[in-house]
Amino acid sequence: MDRLSNIVILTGAGISAESGLQTFRAADGLWEGHRVEDVATPEAFVRNPALVHQFYDARRARLGEVEPNAAHIALARLDAEWRGGLLIVTQNVDDLHERAGARRLLHMHGEVRKGWCLRCNERFAWEGAMGEEAACPSCETAGMVRPDIVWFGEMPYDMERIEEALMKADLFVSIGTSGAVYPAAGFVQTAAYRGARTLEINLEPSQGSLSFDGRRYGRAGEEVPKWVDEMLG
Ligand SMILES: [Zn+2]
């Protein structure tokens, strides 16, 4: 493939799972034993903010115990060395891509290490527990900060930029995604419609596997480095 081609890469739970992070599974609707309706919707936050904060405080603390794996590291290398357009769109709310060194990266579902003030609308980095009484570093109001996470029923971030990148893509690659959560599950059709080649790298065929031109099945930590070597070879 031409080294100046445009690549869009979508990553999902499968790539973080190999670092030891359990993420939301569409199959049973559970995330670390919680129903998504109880911890990952705006309604849940209104109903029981303490539980929602407790859940994300635990997810944030867990990030300190895990490391990027070979797949994150390979994608960061591709980002650094690929001379054409490249955009990594992740559905994951962890920071493993950036800790591996990726720079051309969008978090379409937000980031667990960020807060969002509902009073002044600022978003900011957040370390440690947040809890119900967190004060905004910008307007200093307490009790109005929520995790900067796109919850179910909310609009994913940066959709315009993602659509634009998909329209220009020569290659679209989906890594470790279930193919079940929209709008990300529809990216393959958008890219293919505009003439991009499409590739799925996953542990097993996803729900959308038949939409892809190419398929590679195996652990992301093995398949992604192999693919990156071929791309840069
Ligand atoms: Zn504020």
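The values are calculated or read from the model by the stated rules, or taken from the named source; none is laboratory data. Predicted, not measured: the structure shown is a model, and the values here were computed from it. Using ideal geometry, Cβ is built from the backbone for each residue, glycine included, and neighbour counts are taken over all protein chains shown. Side chains included, ligands, DNA and RNA excluded: accessible areas come from the protein's heavy atoms. Shrake-Rupley method; radii C 1.70, N 1.55, O 1.52, S 1.80 Å.
In the chain, Cα pairs under 8 Å separated by at least six residues give a relative contact order of 24 percent. Within the chain, what whole-number % of the accessible surface is contributed by carbon and sulfur, with the 1.4 Å probe and all protein chains included in the calculation? On the chain, the fraction of accessible area on carbon and sulfur atoms equals 49 percent. Stretching TYR217 away from LEU203 to a fully extended chain increases their span by 4.5 nm, per 0.36 nm per residue minus the current alpha-carbon distance.
Taking all protein chains together, MET108, MET159, MET1 sort by accessible area into MET1, MET159, MET108, largest first [probe 1.4 Å]. Would you compute, from DSSP H runs of 4+ residues alone, the mean residue ellipticity of the chain at 222 nm, taking -39500 (n - 2.57) per run and dividing by the full residue count, rounded to the nearest 500? Counting only the DSSP helices, I get -9000 deg cm²/dmol. When the surface is traced with a 1.4 Å probe over the full set of protein chains, LYS114 keeps roughly 70 Å² accessible. For the chain, the antiparallel share of DSSP beta bridges with both residues in that region comes to about 35%.
A Gaussian network model of the chain, with springs between Cα atoms under 10 Å, assigns the largest mean-square fluctuation among GLY33, GLY14, GLY221 to GLY33. Think of segment 121-189 as having a plus end and a minus end, set by charges on the Cβ of Lys, Arg, Asp and Glu; of VAL188, MET159, ILE149, VAL188 sits farthest toward the positive end of this dipole. Using a probe of 1.4 Å on the protein chains alone, the accessible area found for GLU133 is around 140 Å². Rounded to the nearest 10 degrees, the angle from helix 70-81 to the longest Cα principal axis of the chain is 70 degrees. For segment 1-97, applying the loop criterion from DSSP together with a ceiling of 12 other beta carbons within 10 Å to the trypsin sites (Lys or Arg not before Pro) yields ARG3, ARG83. Charged side chains reduced to their Cβ positions (Lys and Arg at +1, Asp and Glu at -1) give segment 63-125 a dipole of some 260 debye around its Cα centre. When VAL150, VAL46 are compared by accessible surface with a 1.4 Å probe, the order from highest to lowest is VAL46, VAL150. For the chain, none of the cysteines stands unpaired, since each has another cysteine beta carbon under 4.7 Å from its own. Here the chain is assigned +1 on the Cβ of each Lys and Arg and -1 on the Cβ of each Asp and Glu. Its dipole about the Cα centre then comes out at about 380 debye.
Dipole magnitude for segment 96-171: about 220 debye, using +1 per Lys or Arg Cβ and -1 per Asp or Glu Cβ, origin at the Cα centre.
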